[in-house]
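Below: one structure, written as structure tokens.
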Amino acid sequence: MTVLVTGASGNAGGAVVQALAAAGIAGRALVRKDIELPGGISAVYGDLNRPESFADALPGVSGIFLLSGYDRVEELLDNAVRAGVRKVVLLSSSSLDSADTGNAIAAYHHAAEEAVKASGLDWTFLRPNSFMSNTLRWLDQLRAGDVVRVQFPDVPISTIHPLDIAEVAVRAFTEDHAGVIHRLTGPVALTPPQQVEILGQAIGRPLTVYPMTRAEAHAELHATMPPQYAEAIESFFGDGIIDETSVNDTVEKVTGHPARTLPEWTSENAALFA
Ligand SMILES: NC(=O)c1ccc[n+]([C@@H]2O[C@H](COP(=O)([O-])OP(=O)(O)OC[C@H]3O[C@@H](n4cnc5c(N)ncnc54)[C@H](OP(=O)(O)O)[C@@H]3O)[C@@H](O)[C@H]2O)c1
């Protein structure tokens with residue numbers, strides 16, 4: 001078996017690369033620049049928005065770990081079918097819990113799921129909660145001082161460790177998960193102030209939380225991303241159109257071990273905050 005991993009330099013794809021290597025499965029990592037890769041994983045250079053840029057890397061690939069939200073995904077999937085690929089594990093999102101697929105983030109995940117379903121390839125969809133690695137969004141603030149301004153301070157989220165997503169993905173490639181949608185959560189729901197406290201313990205700094213008002217969160221979201229994505233995030237957590245608070249046991253059922261905790265993620269990654 002050989003798996004092509006898209007987003008291989010990122011949080012989720014990088015974890016899939018690690019999990020494949022740990023399982024002794026050959027992989028091809030789609031990258032745009034050189035990165036360090038474990039044994040058994042080779043680099044493929046290409047642009048997800050230009051499927052032709054890596055079509056010649058598909059023969060010999062049996063499965064693709066695919067990110068949502070890129071252009072011309074139908075062409076990528078046609079190339080995959082022609083090359084003899086059998087299976088796609090799509091990284092989708094919890095936003096599809098909501099019936100509102102008009103929301104800009106839910107819309108691109110929905111479009112990717114529909115394209116994969118229409119491709120004729122075997123598929124498994126992973127719909128995770130927010131990732132523990134999103135903790136890195138506070139990095140700039142931590143470089144400037146010990147105060148962390150948090151959006152939606154009262155909304156508890158059971159964030160998930162990217163390696164748990166990755167290990168579920170590997171099971172989906174190696175076992176029969178065809179046509180299965182895995183809704184994935186972390187082990188416990190924590191508010192942003194609780195998450196900051198755990199981070200402070202891991203990095204040995206007493207952090208102070210500034211709980212942003214809804215108006216402040218609105219302004220910050222609109223200052224940092226296109227309006228349709230800012231509106232989507234505000235509706236997820238401000239209006240509560242998705243539930244990332246509930247906890248389920250899918251990670252444990254699929255991988256055989258409990259979902260990893262935020263204290264584990266923060267201590268593994270403490271050096272990034274130094
Ligand atoms: N973060 C969350 O809480 C969350 C929750 C649910 C679902 N998701 C989904 O998970 C996805 C991945 O999240 P992440 O945290 O792993 O993201 P990330 O760390 O930002 O990684 C994104 C990856 O995509 C690659 N990439 C971006 N544009 C590309 C292009 N045109 N061609 C080839 N590669 C390209 C990046 O490569 P470079 O290094 O070259 O930029 C990087 O490897 C998100 O995009 C989202 O759809 C995320």
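The values are calculated or read from the model by the stated rules, or taken from the named source; none is laboratory data. Just so you know, these numbers come straight off a predicted model, no measurement behind them. Note: ideal-geometry Cβ built from the backbone for every residue, glycine included; neighbour counts use all protein chains shown. Areas reflect the complete protein model, heavy atoms only, side chains present, ligands, DNA and RNA absent. Shrake-Rupley method; radii C 1.70, N 1.55, O 1.52, S 1.80 Å.
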Handout entry: Residue satisfying condition, being within 11 Å of the ligand (Cβ to nearest atom) and open to solvent by 40 Å² or more (accessible area, probe 1.4 Å), within set ASN129, ASN134
Key = ASN134
Handout entry: In region 55-67, the residues that are outside any strand (DSSP E or B) and buried (at least 20 other Cβ atoms within 10 Å of the Cβ)
Key = LEU58, VAL61
Problem - Residue match in region 13-35 (condition: within 23 Å of LEU136 (Cβ to Cβ), more than 10 Å from the ligand (Cβ to nearest atom) and part of a loop (DSSP other than H, G, I, E, B)) - result: yes
Handout entry: Segments classed as strands (runs of 3 or more DSSP E), wholly inside region 119-193, with at least 1 members that are more than 19 Å from the chain's Cα centre (by Cα)
Key = 122-128, 147-150
Completion exercise
Every listed condition ((1) outside any helix (DSSP H, G or I); (2) open to solvent by 60 Å² or more (accessible area, probe 1.4 Å); (3) in contact with a Leu (Cβ under 9 Å, 6 or more places away or on another chain)) holds for ALA259 save (2)
Fill in the blank from the handout: Filtering region 1-12 for residues that are of a type in the set (S, T, N, Q), open to solvent by less than 60 Å² (accessible area, probe 1.4 Å) and either in a helix (DSSP H, G or I) or within 7 Å of the ligand (Cβ to nearest atom) (or both) leaves a count of 1
Completion exercise
The condition of being among the acidic types (Asp, Glu), buried (at least 20 other Cβ atoms within 10 Å of the Cβ) and at pLDDT 95 or above holds, among ASP154, ASP176, ASP164, only for ASP164
